[in-house]
Amino acid sequence: MVKRIILLFVMFFCIQLSAAEKYALIIAIGDYPAKGGWSTISSKNDVPLIKGALLGQGFKEGNIKILIDSEATKKGIVEAVTAIQSQIKKGDILVVHYSGHGQQVFDDNGDEVDGLDEAIVPYDAYVKYTHNYKGENHVRDDELANIIANFRNKLGKDGQLLITLDSCHSGSATRGQKARGGQVALVPPDWQKSAGDKKSGSGLLERTKVSKDDASPFIMISGASADELNYEYNGVGSLSFAFSKSMNELGSDFTYRQLFSNITSNMNAIAPKQKPTIEGDIDYKLFKGDYVKQQPYFEVTKIVRNNEIININAGEVNRIFKETTIFVLPSGTSKIEESKILAKGKVTLSKFGEAVVLLDKPLKDDNIKKYWVFIDQPSYSDIAVKVYFDKSVTDVNVKNEIADFLKKNNLGETTAEIALSDVIVDFDNASYRISYTKGDDAFGSLSAARGDAAQEIKTKIFNYAQGTYLKNLSVKNNSYEFEFKLLPIAFDQATETFGDILPETNYINETGIFKVKPENDFVVLQVANKSKKPLYISIVEINTAGEINPFFPNNDCKLNNNERMLAPGQTMIFKDCVYSFSPPYERLLLKGFASDKPLNFQSTVTTRGEKKGYSNPLENFLNASYQQTRGGSATAVSGNLDGYSSEFVYEIVKK
């Protein structure tokens, strides 16, 4: 009898666990009323990215509540929060996403060291303090903290709460680009700023009392640090793009820290100077481990002309360009398998969020739900850059030479609209300056007195385009899954000997980024093979200017292929290769690739693509990316581009 009761209890407990649901609230405000004073942004375009990512992870359509523009007044947001609060139960998972403006608002309860609350901006909030508007419709960090606390208490210790904020509330407006935030603080005329410390992280995280023993873990990911603008990318929010891409590239046993690492890597490719942040319980398993791990895929939205032409729900915003080749496989397929390929095809037209594909043979029927599309070979069409010349550049010959270079080599184009550009060329104090449009930070400067100024500008533009392309390149065959990271190590300068591995937390700052100081800090590389195959690993480093350098191996770490080969399931710390750092102070991306064939990028990078005849398609692909002439043959790479790519972002900071 006792055994039967225990069995029934276990069965009941398991049923309760399986009954856990996933809910989401997506708020997107971009078309603010003119009377409010806010600029129009592209938040509505974020909705399909976030919704699609969540649907792919088992969220039911009926459990995703969406508020767009006029639906997202403060009253509308509060009502939606209340409705979801009544739906969720212990053990559920809740995701709340906000895309819109943010702003700092005068502190109304004395809890801020700088006298300013951070706030998100509903549809009916105003940008300026007036006699009849004093911030009543803003959602302050104090209010957000109460919402978070209520959610956490309702979800309980077995639930999870994830909040993503594609907004910012500080920073200075920049020329020509759409950015979320950038307005001065909403304060009374006689308000005086307090001399408080600079806020860390997003600035929005306020701790409010929760049930001590039964509150859910909680994670907040923000698109920008407290003192930064949050830039848009190709008509979508930069965090929304990075989140969507990262959710389609999940590996084994992913935590929120690992998800954030992927988000940071993807953000680094599209906005190198923008620094996303993560706060909260970041080492918990993503969605309690209940997530879908597979190769990225896209859905078919239309089948026409005798089932030989299809449309897919991805386009330029997803880095799908003309000439990209694809495979069609049955829906539900977790990875590309040759035996399951139903058709192959090539993209003939790519728009913002849609692409047209011509297949090599017709599909058996026109039921779009039966098919998923996987990328075979990326196109070089995205090794491209749009250049804007500031009015300070008056040398017509320089402008024409650069425009001809871009056009002749299919590397992009010049544009008269700064908002459409990737880089800006200025002229000041007898020097040309090349800077990111998103952030307006220079990554190149050279004297006009040099006779080869135009050539130098072309080289820097090409480096930027190539580096950005490789940052964005994603190869995700889970049969070759691996991950890597840097580990701090003790160093005795007197004896020049290395000691124990140090805690990683000493090197990770409040925004979740691994930071190192020149001369002080030393690190080693840890690589984990999470596949069932022996893997060869090679890693390159890409700086903010797009310049590529060998990292593993390199001249100071001369390990051969066999020494860099990991057995299935093996994790190795390469203590023979110790890395130190030097300025410039910047954020860098390490891009690693794994293959079951010998792999070494060092000679490719060192010779800048001059060496030929590589046996590994990944080596050939990187080698081909150095070609500054992009004819039709430049898109061809021998062999299937197969393997796995992984990234790690770190920052060199001042002492």
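The values are calculated or read from the model by the stated rules, or taken from the named source; none is laboratory data. It should be emphasised that the depicted structure is a prediction, and the values quoted were computed from it without experimental measurement. Don't worry about glycine lacking a Cβ; one is built from the backbone with ideal geometry, like all the others, and counts go over all protein chains shown. With ligands, DNA and RNA removed, areas are computed over all heavy atoms of the protein, side chains included. Shrake-Rupley method; radii C 1.70, N 1.55, O 1.52, S 1.80 Å.
In terms of packing, defined here as the mean over residues of other Cβ atoms within 10 angstrom, the peptides 347-357, 592-602 line up highest first as 592-602, 347-357.
Each peptide among 25-36, 503-514 gets the average number of other Cβ atoms lying within 10 Å of its residues, and from highest to lowest they stand as 25-36, 503-514. Ranked by the mean number of other Cβ atoms within 10 Å of their residues, highest first, the peptides 515-521, 406-412, 538-544 fall in the order 538-544, 406-412, 515-521. Helix content alone sets the calculated 222 nm mean residue ellipticity of the chain: runs of n ≥ 4 DSSP H residues at -39500 (n - 2.57) each, divided across all residues, give -6000 deg cm²/dmol. Per residue, the average separation of C-alpha pairs within less than 8 Å and at least 6 apart gives the chain a relative contact order of 9 percent. Rolling a 1.4 angstrom probe over the chain with all protein chains present gives an accessible area of which 50% lies on carbon and sulfur atoms. In this structure the range 486-535 gives 50 Å² per residue of accessible area when probed at 1.4 Å with all protein chains present. Remark: for residue pairs Lys74/Lys471; Lys245/Lys485; Lys460/Lys597; Lys51/Lys154, the C-alpha separation exceeds 28 Å in Lys74/Lys471; Lys460/Lys597.
Per residue, how much accessible surface does the range 385-470 expose to a 1.4 Å probe? Answer in Å², no decimals.
Heavy-atom SASA per residue in the range 385-470 reads 45 Å².
Excluding ligands, DNA and RNA, the accessible surface per residue across the range 298-377 is 51 Å² with a 1.4 Å probe. For the pair Ser334 and Glu401, the difference between a 0.36 nm per residue extended length and the Cα-Cα distance amounts to 19.4 nm. Applying a threshold of 22 Å to the alpha-carbon distances of Lys134/Lys438; Lys275/Lys654; Lys344/Lys364; Lys293/Lys369; Lys44/Lys391 flags Lys134/Lys438; Lys44/Lys391 as lying beyond it. Rg and Dmax over the alpha-carbon atoms of the chain stand at 25.5, 94 Å.
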